[in-house]
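Structure first, commentary second.
The values are calculated or read from the model by the stated rules, or taken from the named source; none is laboratory data. These numbers were taken from a predicted model, which means no experiment stands behind them. Note that we place each Cβ from the backbone using ideal geometry, even for glycine, and neighbour counts take in every protein chain shown.
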Amino acid sequence: MTTVAVTGAARGIGEAIARVLAERGYALLLGDLDASVVDLAASLGGVGGVLDVTDQTSYEAWLSLVPSVDVLVNNAGVMWVGAFDAEPSRVARRQFDVNFHGVVRGTQLVLPAMRARRSGLVVTVASAAAYISPAGEATYAATKHAVLGWMKAVRQELAGSGISLALVMPTVVETELAVGTVSGGVPRLSPADVALAVASVIEKPRFETFVPARVSALTRVLGVLPQRGRDAMYARLVPNQVQAADPAARAEYESKRL
Ligand SMILES: NC(=O)c1ccc[n+]([C@@H]2O[C@H](COP(=O)([O-])OP(=O)(O)OC[C@H]3O[C@@H](n4cnc5c(N)ncnc54)[C@H](O)[C@@H]3O)[C@@H](O)[C@H]2O)c1
C-alpha cells in the first residue's frame, strides 16, 4: 500500500487532500501544528501527529511514526496580506520558514529512503503565486517563487534517481488562509478542487499543474509580453490585495497563524 504523508492536514486544502486520498485507499500520515490532526487521521484510518515543519526534531519525530513514506505532500503554508512596507519582518521570516524552508526540510528528510528504494514522489502545494505576484502578497509570492526555483534545480539533481517532484499551483481557494482576500478574474476554488489535482498528480506525476488548468496559458502569455502588456494584464486579471483585501476579516487568521 502506498503511504502518503501530508503536512498542514488539519484543515483547508490539506484536510481535503487527506479525505480524497483516504477514499482512494492510500495509507496516510497526517501532520499539523494543530493537534486536531490526530483525531482526523484516526477517523480516516491513518496515523496523525503534531508537526511543526519549521522544526527539524519535530519533523523527524513525525516521519518516524510510519515505517516509510512513498509520497510526501508539502502543503503546510501561511500568508500575510498587506502593503509590503507595512509587513513586520517577523511575519516575512515566518512565511519563508514555513512555505520555503519547511518544503526544503521535508524534501531533504524523505529523500535518503526514497533514494535507497529508487522510487518516490514529492508533491508541493505551491500557488499560482509561484508565477504571478499579486500586489499585497509580495513576500508570500516570493516564498512560492522560491519553491519553484528550488524545485527546478532539485529536479535536475534527481534525474535518473527514480524520484519525481511535482508542483500543484492553485489560484485563490476558499480556506482560512485566503479569508478577506479577493479572487480577481478566476472563480474561487474549493479545497476539494485542489485535492483532486493532487490525487491525479500522485496517480500520474508531472512537474507543474495549475488549478484551474487555464492559468498555465495566462502565465505563458505573461512570460512573452513586453512589460507594458504585462502591466495591462495584471491590472485586468490579477487582484490588487492592498486595495481590495479586508484587513479586519484577516485579523484573526493572521494573529493565530503568523
Ligand atoms: N487558500 C488559498 O487561496 C491558496 C492558494 C494557493 C495555494 N495555497 C497553498 O495551499 C497550502 C494550504 O493552505 P490552505 O489554504 O489550506 O491554508 P489553511 O490555513 O486552511 O491550512 C494550512 C494548515 O497548515 C498548518 N500549518 C501552518 N504552519 C505550520 C507549520 N509550521 N507546521 C505544520 N503545519 C502548519 C495550519 O495549522 C493549517 O492547518 C499552503 O501552502 C498555501 O500557501 C493556498
message: It is to be established whether one or more residues within the range 164-183 are near the ligand (Cβ under 8 Å from one of its atoms), in a helix (DSSP H, G or I) and in contact with a Pro (Cβ under 6 Å, 6 or more places away or on another chain).
response: no
field: helices (runs of 4 or more DSSP H) completely within the range 1-81 that count 3 or more residues being crowded, with 18+ Cβ neighbours inside 10 Å and either within 8 Å of the ligand (Cβ to nearest atom) or not aliphatic (A, V, I, L, M) (or both)
entry: 12-23
field: Residue that is modelled with the lowest pLDDT, among those in the range 143-189 that are of a type in the set (Ser, Thr, Tyr) and farther than 20 Å from ILE17 by Cβ
entry: SER183
field: Selection count, the range 115-132, where residues are away from the ligand (no atom under 13 Å from the Cβ) and of a type outside the set (A, V, I, L, M, F, W, C)
entry: 5
For ARG93: the one exception among (1) within 12 Å of the ligand (Cβ to nearest atom); (2) over 25 Å from SER200 (Cβ atoms): (1)
- request: Answer yes or no as to whether ARG105 is in contact (Cβ under 8 Å) with a residue 12 or more places away in the chain, within 12 Å of the ligand (Cβ to nearest atom) and assigned to a helix (DSSP H, G or I).
  value: yes
message: If ILE163 meets every condition in (1) buried (at least 21 other Cβ atoms within 10 Å of the Cβ); (2) under 17 Å from the mean Cα position of the chain (by Cα) apart from one, which number is that one?
response: (2)
